[in-house]
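Visitor: Sharing a structure below in structure tokens format, with a few things to ask.
The values are calculated or read from the model by the stated rules, or taken from the named source; none is laboratory data. Here the structure is a predicted model, which is why all the values come from computation and not from measurement. Heads up, the Cβs are rebuilt from the backbone with ideal geometry, glycines too, and the neighbour counts pull from every protein chain shown.
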Amino acid sequence: MRNMLLLTGGTILDPSCGVNERGDLLIADGKVARAGGRISDVEDAEVIDCTGCYVSPGFIDVHCHLREPGREDVETIATGARAAAAGGFTAVCAMPNTEPVTDNQAAVGFIIRQAHRAGAAKVYPIGAISVGQKGESLAEFGEMVGAGAVAVSDDGRPVASAHLMRTALEYAQAFDIPVIDHCEEPTLAHGGSMNEGIVSARLGLRGIPSEAEEIMVIRDILLARRTGGHVHLAHMSTKGSVELIRWGKERGINVTAEVTPHHLTLTEEAVDGYDTHAKMNPPLRTAEGLAAVREARPHGTIDVVATDHAPHHYDAKEREFADAPFGIVGLETALALVVTELVGTGILDFPQLVDRMSTRPAKLFHLPGGTLAEGSVADVTVFDPTREWKVDPSAFLSMGRNTPYAGRTLTGRAMCTIVDGRVVYRLTQ
């Protein structure tokens, strides 16, 4: 007997096929069997009523931190994968700044096994660019890719050496993977804890200038031009970065970029009161920077939305601002923030949202999913675009509670998340 799931009454929204219309979706044995129209000639299928909801390809987060191995007190692969599913993500890509660093095939294999045991969102490991993320010698890309890594990055640390970055871009081409860089010129950013400007001066905090990001952005773009490699720029935050990325794309350079929901919705003013939940790297920028990254997304300069989910223990964030760690959690709030702040204000429409959170991430990182075409893997997100809810960190499935959005009422929520044709999350309240 076939394992079948029938999603009825929703609006199928699939940018990969140019579909945005009311219809049913039939899943059989983990694959999309039929999509569109009314499907009433199927017996023995579990039926899920999706009335009032969009049925889209599953969201894919290409940038998150799941902390395991080494910091299981903060997050585990299992809790992170469950939080991802609750946020509508059917797959996430885990950064390698674990303890020990994910810089070899054994570490990559461990993450894949732990994710399989969790049985929630898929987890694709990202291997380190350099051994131990020390920026000295390349890790073995081939062995990591063979074990299941989908990209390489030293995220959390910039690749300071231009020679090492050039070599990584050259080497990665043999495996058809992107090289992801945390763009931060370390000597300019050293000791900084927020954006350098009027607010940092008023608060007496050492700032990180926008040029620290932009110097590395143009360096990486020029190295991608030289090598032909695919450079993917993480968590862009400044107007200058957007202009440089546009310059690179206009010249056919293989550069792609991401932006986080928090850099699309908050400015440096959120740090007022020394709120450590508003401390992240890159820091929240000016209103001008926020406007630039917002406007870049519909026009394709910024390719994807990625959460940069970074859980921390409560005690770590309850410190003096300069001493607290960077980062916030984001897997369970990303969808609602984009719906509320971008779709709700007319900057994006829903097809563009699904394109940036599903279709394009799958394409750029060569991942299964991103489509509801017949025969494709049945990774599906069902979300209600009008569902209002209040952010309550105590209800998160992530172990992390560090969010600046606590208490805010947002619109848009994942109602059901399906991975390989199996329901891994369903909102029950």
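Visitor: Filter the stretch 407-429 down to the residues that are out of contact with any Ser or Thr (no Cβ under 9 Å at 6 or more places or on another chain) and among the small types (Gly, Ala, Ser), then identify the one that is surrounded by the fewest Cβ atoms within 10 Å (Cβ to Cβ).
Guide: Gly407
Visitor: Suppose the filter is on the phi < 0 side of the Ramachandran plot and not in a strand (DSSP E or B); does Ala33 pass it?
Guide: no
Visitor: Which members of the stretch 382-406 meet the condition of being polar (S, T, N, Q) and crowded, with 18+ Cβ neighbours inside 10 Å?
Guide: Residues satisfying the conditions are Ser398, Asn402, Thr403.
Visitor: If you don't mind, there's one more thing I want to ask. Taking Gly191, is it in the same structural domain as Gly252 (by TED's automatic domain parsing), farther than 17 Å from Ile253 by Cα and in a loop (DSSP other than H, G, I, E, B)?
Guide: It is true that Gly191 is in the same structural domain as Gly252 (by TED's automatic domain parsing), farther than 17 Å from Ile253 by Cα and in a loop (DSSP other than H, G, I, E, B).
Visitor: So, His263, is that one within 25 Å of Gly58 (Cβ to Cβ), free of Cβ contacts under 8 Å to residues at least 40 places away in the same chain and either in the same structural domain as Leu203 (by TED's automatic domain parsing) or of a type in the set (Lys, Arg) (or both) or not?
Guide: Yes; evaluated as a whole, the condition is true for this residue.
Visitor: Further question on the same structure: So Gly156 clears everything in (1) under 30 Å from Val419 (Cα atoms); (2) at pLDDT 95 or above; (3) surrounded by 15 or more Cβ atoms within 10 Å (Cβ to Cβ); (4) out of contact with any Asp or Glu (no Cβ under 9 Å at 6 or more places or on another chain) except one condition, right? Which one?
Guide: Status for Gly156: all satisfied but (2).
Visitor: Still on this model: Mind listing whichever residues of the stretch 94-118 are over 18 Å from Glu72 (Cβ atoms) and either of a type in the set (Asp, Glu) or part of a loop (DSSP other than H, G, I, E, B) (or both)?
Guide: Scanning the stretch 94-118 gives Asp103, Asn104.
Visitor: Another one. Across the stretch 233-277, which residue is surrounded by the most Cβ atoms within 10 Å (Cβ to Cβ) among those that are of a type in the set (D, E, K, R) and assigned to a helix (DSSP H, G or I)?
Guide: Checking each candidate, the answer is Glu268.
Visitor: On to the next question. Would you be able to tell me the number of residues in the stretch 160-188 that are more than 26 Å from Pro361 (Cα to Cα) and either among the acidic types (Asp, Glu) or in a helix (DSSP H, G or I) (or both)?
Guide: Adding up the residues that qualify gives 6.
Visitor: Pairs only if they're at least six apart or on different chains, beta carbon under 8 angstrom, first in the stretch 207-232 and assigned to a loop (DSSP other than H, G, I, E, B), second acidic (Asp, Glu) and at pLDDT 95 or above; list them, first residue then second.
Guide: Hits for this filter: Pro209/Glu196; Gly229/Glu170.
Visitor: As an exercise: evaluate Pro57 against (1) more than 23 Å from the chain's Cα centre (by Cα); (2) surrounded by 24 or more Cβ atoms within 10 Å (Cβ to Cβ) and give the number of the one condition it does not meet.
Guide: Just one mismatch for Pro57, condition (1).
Visitor: Every residue in the stretch 13-52 that is crowded, with 19+ Cβ neighbours inside 10 Å and among the polar types (S, T, N, Q), please.
Guide: Residue satisfying the conditions is Ser16 alone.
Visitor: Here's another thing I want to ask about it. How many of the residues making up the stretch 134-157 are over 25 Å from Thr307 (Cα atoms) and in a helix (DSSP H, G or I)?
Guide: Pass one, the stretch 134-157, residues over 25 Å from Thr307 (Cα atoms): 136-140, 142-143, 146.
When the remaining residues are screened for being in a helix (DSSP H, G or I), the result is 142-143, 146.
So the count comes out to 3.
Visitor: Which members of the stretch 268-287 meet the condition of being touching a Ser or Thr at 6+ places or on another chain (Cβ under 6 Å) and free of Cβ contacts under 8 Å to residues at least 60 places away in the same chain?
Guide: Across the stretch 268-287, the qualifying residue is only Ala287.
Visitor: Within the stretch 321-341, can one find any residue that is part of a loop (DSSP other than H, G, I, E, B) and over 26 Å from Leu397 (Cα atoms)?
Guide: no
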